[in-house]
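Chemist: I'd like to ask some things about the structure below.
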Amino acid sequence: MTFQAAIFDMDGLLLDTERVCMGIFKEACEAQNVPFIEELYLSIIGCNAKRIEQLFREGYGPSVDYPALNQEWRVRYTAVVKHQAIPVKEGVIELLEWLKANKIPMAVATSTQHDIAIKKLELAGLDGYFDVLATGCEVEHGKPHPEIYFLAAERLGMAADTCLAFEDSNNGTHAAVAANMITYQIPDLVEPSAEVIKLGHQILPSMIDVLVDLKMRKA
């Protein structure tokens, strides 16, 4: 396996964000007297704002005031993530340091909007590792479409098929594989679906395992 760059998802992959976000969404549902549907919530992980709205409108139907629910959720979420560091997931720093030592350019490709993504990385102390950032608000088609990965590769000045991609969600993994990247999936809240498993990418339990695997392949 040869690669020239590495592109990372952020939430649920670099940062242990998804549990925080789901808890805040539950609070927003309670405040708006809307039922929390776990299966529906898990289906939106890895999607950008446009796709999340589509899935929630389909899932909840016209009886739910989506703008009010979304506003409640976003205000509560922003109040947390713009002021508190989200914990970095196990093995992330070790992997980033190894890639840095090997002079591998790195990018983040996240569905999160640009200003919040920057703040999350800064608060977590990860911003200095990445050369470029591609965010969900900058693409027409969010994950599982590969557009955001092509954008990140372009900003790195690399061909997509020379890049490693790291994801936790099924939506993100579909995007990375569709971009023809060498893809690692490290599941977080959602286990890989049967459909995703058939894509033939690497699925490992933690970033520590990813680092071990990369070192073995590079040796």
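Please treat every number below as a calculation from the coordinates, not as lab data. Since we're looking at a predicted model, the values are computed, not measured. All Cβ positions, even for glycine, are placed from backbone atoms using ideal geometry, and neighbour counts span all protein chains on display.
Chemist: Could you work out the Kirkwood radius for the stretch 108-213, taking every pair of different alpha carbons, averaging 1/r and inverting it, reported in Å?
Modeler: In the stretch 108-213 this quantity evaluates to 14.2 Å.
Chemist: In the chain, what % of DSSP beta bridges are antiparallel (nearest 5)?
Modeler: About 5 percent, rounded to the nearest 5.
Chemist: Just to be sure I understand: if I project the alpha-carbon convex hull of the chain onto a plane and average over all orientations, what area do I get in nm²?
Modeler: Mean projected area for the chain: 11.2 nm², to one decimal.
Chemist: What FRET efficiency comes out for residue 213 versus residue 31 if R0 is 35 angstrom and r is the Cβ-Cβ distance? Round to the nearest 0.05.
Modeler: Rounded to the nearest 0.05, the efficiency is 0.20.
Chemist: Still on this model: Counting other beta carbons within 10 Å of each residue's own, what order do 150, 8 fall into, fewest first?
Modeler: By the 10 Å Cβ count, ascending: 150, 8.
Chemist: What is the ratio of the Cα radius of gyration of the stretch 18-81 to 2.2 N^0.38 Å, with N the residue count, to two decimals?
Modeler: Compared with the compact-globule rule of thumb, the stretch 18-81 sits at 1.00.
Chemist: Towards the positive end of the charge dipole of the stretch 18-81, with charges on Cβ (+1 Lys, Arg; -1 Asp, Glu), say which of 41, 77, 24 has the farthest Cα.
Modeler: Going by the charge dipole, the pick is 77.
Chemist: Of the chymotrypsin sites (Phe, Trp or Tyr not before Pro) in the stretch 28-108, which ones lie in a loop per DSSP and count no more than 13 other C-beta atoms within 10 Å?
Modeler: Those satisfying the criteria are 36.
Chemist: Where nothing but the Cβ of Lys and Arg (+1) and of Asp and Glu (-1) is charged, how large is the charge dipole of the stretch 18-81 around its Cα centre, in debye to the nearest 20?
Modeler: Using only the charged Cβ atoms, the result is roughly 220 debye.
Chemist: Take the chain, connect every pair of alpha-carbon atoms lying under 10 Å apart with a spring to form a Gaussian network, then pick out the residue of 79, 117, 160 with the largest mean-square fluctuation.
Modeler: Taking springs between Cα atoms under 10 Å, the residue moving most is 79.
Chemist: Whole Å is fine, so just give me how far the alpha carbon centre of the stretch 31-46 lies from that of the stretch 53-71.
Modeler: Distance between centres, Cα-based: 10 Å.
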